[in-house]
Amino acid sequence: MRHSAAHVMAAAVSRLFENVQLDIGPSTADGFYYDFDLPHRLNTEDFARIEAEMAVLIKANLPFERVELSRADAEQMLRERGQKFKLERLADIPEGETISFYRCGEFMDLCRGPHVPATGAIRAFKLTSVAGSYYRGKETNPMLQRLYGTAFGSDKELRVYLNQIEEAKKRDHRKLGRELDLFSTEETVGPGLVLWHPKGARVRLLIEDYWRREHLKNGYEIVFTPHIGRANLWETSGHLDFYREGMYAPMKIDEEEYFVKPMNCPFHIKIFQAKKWSYRDMPLRWAELGTVYRYEKAGVLAGLFRVRGFTQDDAHIICTPEQIEAEILRVMQFAKRIWSIFGFEDIKAYLATRPEKAVGEPARWEQATKSLEHALQTAGVPYEVDAGGGAFYGPKIDLKVRDAIGREWQVSTFQFDFNLPERFDLSYTGADGQPHQPYMVHRALFGSIERFFGILVEHYAGAFPLWLAPVQVSLLPLTDKQHELARSLAEQFGAEDFRVTVDERNEKIGAKIRAAQLEKIPYMLIIGPKEAEQGMVSVRHRSAGDQGVMTPAAFLERLRAEGRPGGQPPPVRVVEQQ
């Protein structure tokens, strides 16, 4: 339906504007788009006209008719219509493959289909945005106009989606990053390179410290590796052959070429090769928060979601074939627990299996795929199979989580690799005294700290749970006579590693509360003459509001309970009687 809606949108644009050049119009996960080249610069003011014309075409219930043409007839028709981009797309179709068009009314488009029977099947639709897009994604090609829209089976579903879009705008991590003073990017530093401000760095430190603690408890060892490596390392790994466009230019050191690392894997392999290993040493679980650098095109950079320098929460598991199933299950259960701690319970997996072209023995592929599938089943994670969707070097699992407003994010990846162990000739001594090639699994829980941080900001709309909040408590003295008491309490809470500020500004209490609310500080403690005299504090929560009065000791107990990773705020108002 959405792909058909893209055709209807293209038909409407072609009717309303002159000299429209068409490129492609696919459906997406939650809508559709079409790329155009036309003299008129499309903007949001055009949306109502285009939607009205689409409504006319939908009401007419025009059938979608499939038309198959010879290559010569297809070329002639596209030339007559002056569709130069479509002619190039036609040339991409292999010889001998059927060339099909779809017609609805006067509009006819090169397309393999399928489509709904007629335009009347498109129920509820809306144009959402317009942006620039390079033809075929290359910066040296013409810039086209990409018009986005969405379609649903009912008006209710469309309203829910549009409300989600509006909520997503409010939660945009780039906007909240500025407002909450968490991070920034600066053109003079370089696009896609993140500057972490003190508050954002505090949250990042909490995430990383928790990550390290949990990995050590779960049987991992932490490693550290360099930021650069000799060219021959990247030649052996294959990165210079297959990934050079995504790597930064080399630097000369002692007349040799060095590259900043785009990945951590080759370094972990070299640690493995530093000594001889026996099957008795397995499994090896090595984890690193390793910062890598990739040359992403300027057009795809997007806040923290797509950057050029980022820290992967990387790990590699090296084990024997007999250990692999238990290791994969262990990884899956570990990932589920970590995501739950950060507030994500709705998890879905995608299992990508062996493609036509692959390295490694088929028996190894079968064992690896079965171990991945069995881990998903045992862990109770719902999944879909992406048949043939694995990388050439191994099958994998991708985990997706759903956030607070229902959006799905691809996060964790567990990737078998039969390629690097062969390229680096890895081996261990088996029980038979002979050398054997180990299994190797790449594993990232968050993907990257930067992207995960952006997801967290949007999931919580900047209101981090207490254990992650950069400032947990704001002490608000009513007058300067309570300043000393507020400072004393701040020191008391700080002694237990709680993050506290004291607002000593000469402002009314309402202004201080509003300031703390805007900073999304979880708790505010109001201290006036009455509270000071009684040895109490008046507690206010940023979302639950007034929590009554209690002793500092009682409030400290609340902080201890709620401030642990995964801790939740009390569901009811607590008032301590004097």
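Taking Cα centre as origin and charging only the Cβ of basic (Lys, Arg, +1) and acidic (Asp, Glu, -1) residues, the dipole magnitude of the stretch 473-562 rounds to 340 debye. When the pairs Lys252/Lys275; Lys170/Lys508; Lys348/Lys370; Lys86/Lys357 are compared against a 23 Å limit on Cα-Cα distance, Lys252/Lys275; Lys170/Lys508; Lys86/Lys357 fall above it. In loop segments of the stretch 471-554 as defined by DSSP, the GluC sites (Glu not before Pro) with at most 13 further C-beta atoms inside 10 Å of their C-beta are Glu496, Glu507. If one computes the Cα centroid of the stretch 468-488 and of the stretch 548-568, what distance in Å separates the two points? One Cα centre to the other: 16 Å. Coupling constants for the stretch 367-382 follow from the phi torsions by the Karplus curve (6.51 cos²θ - 1.76 cosθ + 1.60, θ = phi - 60°), and in residue order they are 5, 5, 5, 5, 5, 5, 5, 5, 5, 4, 5, 5, 6, x, 9, x Hz; glycine and proline get x. If you take all other residues with their beta carbon under 13 Å from the beta carbon of Phe453, and give Lys and Arg +1 and Asp and Glu -1, the sum is +1. In a DSSP loop and with at most 12 other Cβ atoms within 10 Å, the GluC sites (Glu not before Pro) in the stretch 354-461 are Glu356. Cα centroids of the stretch 73-103 and the stretch 333-372: 40 Å apart.
Hey, for a label at His436 modelled as a point 7 Å past Cα toward Cβ, could you say which residues of the stretch 410-429 have their backbone N under 13 Å away? Residues 427-429 qualify, since their backbone N sits under 13 Å from the label point.
Loop-resident GluC sites (Glu not before Pro) (DSSP state other than H, G, I, E or B) in the stretch 1-73 with no more than 12 further Cβ atoms inside 10 Å of their Cβ: Glu18. Counting neighbouring beta carbons within 10 Å and listing from fewest to most, the residues Asp209, Asp46, Asp314, Asp23 come out as Asp209, Asp46, Asp23, Asp314. Take each peptide in 331-343, 148-160, count the other Cβ atoms within 10 Å of every residue, and average; sorted highest first, the result is 331-343, 148-160.
A quarter of the convex hull surface defined by the alpha-carbon atoms of the stretch 139-197 gives 6.8 nm² as the mean projection. Computed from label points 7 Å out along Cα-Cβ, the spacing between Ala495 and Lys508 is 3.7 nm. If you plug the beta carbon distance of Val67 and Leu162 into 1/(1 + (r/R0)^6) with R0 = 30 Å, you get a FRET efficiency near 0.30. The residues neighbouring Val502, those whose beta-carbon lies less than 11 Å from its own, together hold a net charge of -1 under the Lys/Arg +1, Asp/Glu -1 convention. A Stokes-Einstein calculation at 20 °C with viscosity 1.002 mPa s, built on the Kirkwood radius of the chain over Cα pairs, returns a diffusion coefficient of 77 µm²/s.
Relative to one another, the C-alpha centroids of the stretch 391-452 and the stretch 23-65 are positioned 41 Å apart. Assuming charge only on the beta carbon of Lys and Arg (+1) and of Asp and Glu (-1), the dipole of the stretch 292-343 about its Cα centre is about 360 debye to the nearest 20. Per-residue 3J(HN,Hα) values for the stretch 116-132, derived from phi via the Karplus relation 6.51 cos²θ - 1.76 cosθ + 1.60 with θ = phi - 60°, read 5, x, 8, 4, x, 6, 7, 8, 10, 9, 7, 7, 10, 6, 9, 8, x Hz in sequence order (x marks Gly and Pro).
Helices in the chain, meaning DSSP H runs of at least 4 residues, each add -39500 (n - 2.57). Divided by all residues, the mean residue ellipticity at 222 nm is -10500 deg cm²/dmol. Taking other C-beta atoms within 10 Å as the exposure proxy, Leu301, Leu420 rank Leu301, Leu420 from fewest upward. In plain terms, the residue of Val300, Val260 with the fewest other Cβ atoms within 10 Å comes first and the most crowded comes last, giving Val300, Val260. What you get for the chain, charging only the Cβ of Lys and Arg (+1) and of Asp and Glu (-1), is a dipole of about 980 debye around the Cα centre. For a modelled paramagnetic label at Leu193, 7 Å from Cα along Cα-to-Cβ, the residues of the stretch 294-319 in reach, with backbone nitrogen under 19 Å, are 294-312.
Scalar couplings 3J(HN,Hα) for the stretch 174-191, obtained by applying the Karplus form with A = 6.51, B = -1.76, C = 1.60 to θ = phi - 60°, are 5, 5, 5, x, 6, 5, 9, 6, 9, 7, 7, 10, 9, 4, 5, 7, x, x Hz; x denotes Gly and Pro. Estimated at 0.36 nm per residue, the fully extended path between Lys169 and Glu245 surpasses their Cα-Cα distance by 24.1 nm.
Where a number appears in this text, it was derived from the coordinates with a stated rule and is not lab data. Owing to the predicted nature of the structure, the values given are computational and were not obtained by experimental measurement. Neighbour counts are summed over all protein chains in view; Cβ atoms, including those assigned to glycine, are modelled from backbone coordinates with ideal geometry.
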